[in-house]
Amino acid sequence: MSTTRMIAAAQERRVTVVAEDGVALAVREYGPRDAELTVVLAHGHCLRTESWAQVRDALLREYAGARVVCYDHRGHGDSAAAPHRTYQLDQLGRDLRAVLDARAPSGPVVLAGHSMGGMTVLTYAAQNSHEIGTRIVGVALLATAASGIADAGLGRLLRNPAIPLFQRAVRRAPGLMHRAKVLACTLFAPVVRAAEFGDRRVGPQVLALANAMHNETSIVTMASFLSAFRTYDRTDALPLLARVPTVVLCGSADLMTPPSHALEMAAGIDGSSLVILEGAGHSVILEQPAEVAEVLARLLARVGRSRLVTA
């Protein structure tokens, strides 16, 4: 374990936040309790807070003055399972609100979301537009989309007519389907690797971590969110983010949310920065954590300059 990882582990504070409907959300905090700035990291579908670990450690090293808050979405990681009907992006936006109200009730906040976490950030922005530029002072959207997920890349698979049949089978026999899911993850590991990690060679530890996170996520959680992705559209949030420093980042080899999504988002956010990491796939925060942390550190520095100008 690296020295930075040991320090981060020693400083980790674990708490539970209860969402509006009573679902327990697992939250982890790092850095000084009295930090002037809080950074909230939202993970992707079928992942958990550990997916941010390398980025988090590098960010704490690069920007030691920030407090970093990570949390598991409902049905993911150490957070509680929830009724399948609540596995919706609108609910995730409200869950993020619960985390912020409980763990960052005052002071400026920067939101960073990877994949489904980015969709959660956009949903939160649309639900709380009055906070963009006041409470929320910066945003990072990583390997994500504002709409049209089923129109490009592997997202087109969401239009397959077998998806509703699969979802019904999961609701009727979740245990059996979960065992089938674990087997499928093993059999199709090479395909998953190509889809998530793009052209970049990834070490066995990183791949094992990604596979473990996918395997541990309930089949009900995984399947229930698919409908939400198919109909998701939060382009209404993009103009709001022009009020704050915003960065849009994507891997050039991302097959899940191809660079076309990043280009469209950046075009819809006046003054935003666009970063394309060459060779990275959808799991960019696992593949190139140092580069992602550097981008986030630059965003935090930009946020600091912006706040000095407006103070």
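The values are calculated or read from the model by the stated rules, or taken from the named source; none is laboratory data. Remember, predicted model here, so these are calculated numbers, not experimental data. Please note: Cβ atoms are built from the backbone with ideal geometry, for glycine as well, and neighbour counts cover all protein chains shown.
If you go through the stretch 78-115 and keep only what is in a helix (DSSP H, G or I), more than 15 Å from H43 (Cα to Cα) and of a type in the set (G, A, S), you end up with A98, A102. In the stretch 252-271, the qualifying residues are those that are more than 19 Å from G138 (Cβ to Cβ) and of a type in the set (D, E, K, R), and the one that is surrounded by the fewest Cβ atoms within 10 Å (Cβ to Cβ) is E264.
In the stretch 62-79, the condition of being buried (at least 19 other Cβ atoms within 10 Å of the Cβ), among the acidic types (D, E) and at pLDDT 95 or above is met by at least one residue.
All of L274, L249, L296, L300 fail the test of being surrounded by fewer than 19 Cβ atoms within 10 Å (Cβ to Cβ) and either over 16 Å from the mean Cα position of the chain (by Cα) or not charged (D, E, K, R) (or both), apart from L274. Residue under question is P239, and the condition is that it be farther than 25 Å from D90 by Cβ and at pLDDT 95 or above; does it hold? When the stated conditions are applied, P239 does not pass them. Return yes or no: is D90 under 21 Å from M222 (Cβ atoms), charged (D, E, K, R) and buried (at least 20 other Cβ atoms within 10 Å of the Cβ)? Taking the combined requirement at face value, the residue does not satisfy it. Any residue in the stretch 95-106 that is farther than 18 Å from G268 by Cβ and modelled with pLDDT under 65? No, that holds for no residue.
Residue pairs whose Cβ atoms lie under 6 Å apart, sitting 6 or more positions apart in sequence or on different chains, and linking a residue in the stretch 119-144 that is closer than 22 Å to L47 by Cα to a partner that is outside any strand (DSSP E or B) and acidic (D, E), are A143/D254. The single condition among (1) touching an Asp or Glu at 6+ places or on another chain (Cβ under 9 Å); (2) outside any loop (DSSP other than H, G, I, E, B); (3) not hydroxyl-bearing (S, T, Y) that R74 does not meet is (2). For the stretch 42-61, taking the residues that are of a type in the set (A, V, I, L, M, F, W, C) and closer than 14 Å to L92 by Cβ, the one that is modelled with the lowest pLDDT is identified as C46. Just checking, does the stretch 280-297 include any residue being hydroxyl-bearing (S, T, Y) and in contact (Cβ under 8 Å) with a residue 40 or more places away in the chain? Within the stretch 280-297 (the criterion being hydroxyl-bearing (S, T, Y) and in contact (Cβ under 8 Å) with a residue 40 or more places away in the chain), the answer is yes, since at least one residue qualifies.
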